[in-house]
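Asks: Take this structure first; my questions come after.
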Amino acid sequence: MSEQAHTSLVKEADTHQQLTQAEPVQTGRYMSGQEYARLEAIIERAERVVEEEIRAINAHEAFDLEEAAYRKSKVMLELERVGETVALDDLPSALVDRLQNLRERVALNLKLLSTQLETVRDLSSKLTDAIREIDSDGTYDASAGGL
């Protein structure tokens with residue numbers, strides 16, 4: 001993991017710690033202020049991770065796909081764990097809206113990654129065909145023998 005990525009992860013952890021120690025927030029009936037702050041911090045990290053990747057893909061910037069996948073997996077696991085303890089019906093509407101927006105951004109992220117992967121597959125196939133054509137002397141080509 002790069003030094004910059006490590007620094008970013010440390011900052012995320014610090015932000016998470018600060019938010020979970022924040023004063024309680026008025027929330028839904030069944031959600032404490034600490035749970036609200038924790039979920040809000042996780043959603044913020046998820047939004048940041050997904051948006052950074054979308055931006056990098058759209059700008060055709062180089063980025064570490066393995067690191068991005070790791071960061072997304074980590075934050076999605078955190079969301080899943082919170083989801084096991086807090087029912088969607090117990091969430092304030094502001095968090096439900098943010099989760100819905102996050103779901104839409106993740107869907108866009110998946111579409112962009114799929115498009116990028118398909119492009120790489122097409123390019124790889126074309127390069128393979130070109131290399132075969134260059135390496136072939138026509139000996140085994142069906143058209144060379146008039147067949």
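Asks: Among the numbered conditions (1) outside any helix (DSSP H, G or I); (2) acidic (Asp, Glu); (3) surrounded by 12 or more Cβ atoms within 10 Å (Cβ to Cβ), tell me where Glu61 comes up short.
Replies: (3)
Asks: Just to check your reading of the model, which residue among Thr15, Thr7, Thr20, Thr27 is at pLDDT below 80 and buried (at least 18 other Cβ atoms within 10 Å of the Cβ)?
Replies: Going through Thr15, Thr7, Thr20, Thr27 in turn, the sole match is Thr27.
Asks: Of the conditions (1) surrounded by 16 or more Cβ atoms within 10 Å (Cβ to Cβ); (2) modelled with pLDDT under 90; (3) more than 30 Å from Met31 (Cβ to Cβ), Val86 fails just one. Which one is it?
Replies: For Val86, the exception is condition (3).
Asks: On to the next question. May I ask you to list the residues in the stretch 117-147 that are of a type in the set (S, T, N, Q) and either touching a His at 6+ places or on another chain (Cβ under 8 Å) or modelled with pLDDT of 90 or more (or both)?
Replies: Just the residues of the stretch 117-147 that are of a type in the set (S, T, N, Q), to begin with: 119, 124-125, 128, 136, 139, 143.
Hits for the stretch 117-147 are Thr119, Ser124, Ser125, Thr128.
Asks: Output the number of the condition that Arg121 fails; it satisfies all remaining conditions of (1) surrounded by 11 or more Cβ atoms within 10 Å (Cβ to Cβ); (2) over 18 Å from the mean Cα position of the chain (by Cα).
Replies: Failed condition: (1).
The values are calculated or read from the model by the stated rules, or taken from the named source; none is laboratory data. Keep in mind it's a predicted model, so treat the numbers as computed, not measured. Here the Cβ is made from the backbone with ideal geometry for all residues, glycine too, and neighbour counts use every protein chain on show.
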